[in-house]
1. Ignoring everything except DSSP H segments at least 4 long, calculate the 222 nm mean residue ellipticity for the chain; use -39,500 (n - 2.57) per segment, divide by total residues, nearest 500.
2. Sorted from largest to smallest, which semi-axis lengths in Å does the alpha carbon gyration tensor of the stretch 119-241 give for its equivalent ellipsoid, taking the root of 5 times each eigenvalue?
3. How high is the relative contact order of the stretch 2-113, in percent, counting Cα pairs under 8 Å that sit 6 or more residues apart?
4. Would you kindly calculate the mean projected area, averaged across all directions, of the convex hull enclosing the Cα atoms of the chain, in square nanometres?
5. Once you sort the root eigenvalues of the Cα gyration tensor of the stretch 80-188 as a ≥ b ≥ c, which label holds: rounded (a/c under 1.5), prolate (a/b larger than b/c) or oblate (the other case)?
6. If you find the alpha carbon centre of the stretch 145-224 and of the stretch 38-63, how far apart are they in angstrom?
7. Grab every C-alpha pair in the stretch 2-113, bin the distances at 5 angstrom width from 0 up to the longest one, and report whole percents.
8. Measure nothing fancy, just the Cα-based angle from helix 72-85's long axis to the longest principal axis of the chain, in degrees from 0 to 90, nearest 10.
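Read-outs throughout are calculated quantities, based only on the coordinates presented, and are distinct from any laboratory measurement. Just so you know, these numbers come straight off a predicted model, no measurement behind them. Using ideal geometry, Cβ is built from the backbone for each residue, glycine included, and neighbour counts are taken over all protein chains shown.
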C-alpha cells in the first residue's frame with residue numbers, strides 16, 4: 001500500500017497518529033457530520049482534533065486523484081494554509097494523508113484543530129435570531145473582504161460558515177474548504193457567491209444593499225444580480241430533484 005502525506009511543522013508529534021488514522025478514526029463515535037464524508041472530533045495530544053474522512057471515489061476519480069488531480073484532502077490542507085496567509089479564519093490545519101492500493105487512490109483524511117463556534121450561518125438564515133440584521137451586516141462585510149483578498153469559496157453554503165459572537169462583534173470562520181479559488185473577484189460577480197445561502201428575498205436584498213455600498217456598485221443592479229443568481233440555482237436544484245424523483249419512481 002502506498003501513502004502520501006503532509007504534516008504541519010507545528011504538529012510533528014502527530015506523525016504516528018496520521019499513519020494510524022484509519023484505526024483511530026474507527027474507535028471514536030463523536031460524529032459531527034455524516035453524509036458523503038464523515039467528520040469526527042478526536043482528542044489527540046491534548047487537542048480536540050477534527051478528522052475528516054473522505055468517501056472513496058469512483059474508479060475514474062481513483063485514477064484521476066492518483067495521477068492527474070490533487071485530492072480533496074490535499075486541497076483542504078493547502079487551501080487552509082493559503083487562507084491563513086491571507087488573514088482569513090479557518091481551523092488550523094494539522095495534516096492530511098492519502099492511501100493507495102495497486103497504484104489507485106483510495107482512502108484520504110484531513111486533520112485540523114477543532115474551532116469553537118456558537119452557530120453557523122444556517123442558524124441565522126433559518127432561525128431568524130433577534131440579532132439577525134447585525135449578523136447579516138457583519139457577514140456581508142466579511143464576504144466583501146474575502147473577495148477583496150481574492151478568495152472565492154465554491155461551497156459557500158450556510159453550514160460551511162461558522163459564527164462566533166464576541167463583545168466586539170461577530171467572527172466568521174470557513175470550513176469545507178477543499179473547493180476554493182484564489183483569483184480576482186470583480187464588481188457584481190461577488191454577488192453570485194451568496195446563491196448557496198438559500199436565504200429569503202428580503203435577506204438577500206439586505207445583503208445586496210450592504211455589498212453595493214462596500215463595492216461602490218449600483219444598488220438596484222446589485223439587488224437584481226443577487227436575486228437572479230439565487231433563482232437560477234434554486235431552479236437548477238429543483239430540476240435535478242425532479243429528474244432523480246422521476247427515475248426513482250420508474251424503478
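1. On the way: 8 runs with 105 residues, N = 251.
Rounded to the nearest 500, the figure is -13500 deg cm²/dmol.
2. Values: eigenvalues 76, 60, 53 Å².
Semi-axis lengths for the stretch 119-241 are 19, 17, 16 Å.
3. Working: 180 pairs, mean separation 35.8, N = 112.
About 32 percent, as a whole number.
4. Values: hull surface 65.3 nm².
Answer in nm², one decimal: 16.3.
5. Values: a/c = 2.21, a/b = 1.66, b/c = 1.33.
Taking the square roots of the gyration eigenvalues as a ≥ b ≥ c, the stretch 80-188 is prolate.
6. Cα centroid to Cα centroid, the span is 27 Å.
7. 2, 12, 23, 24, 21, 13, 5, 1, 0
8. Computed tilt is about 60 degrees.
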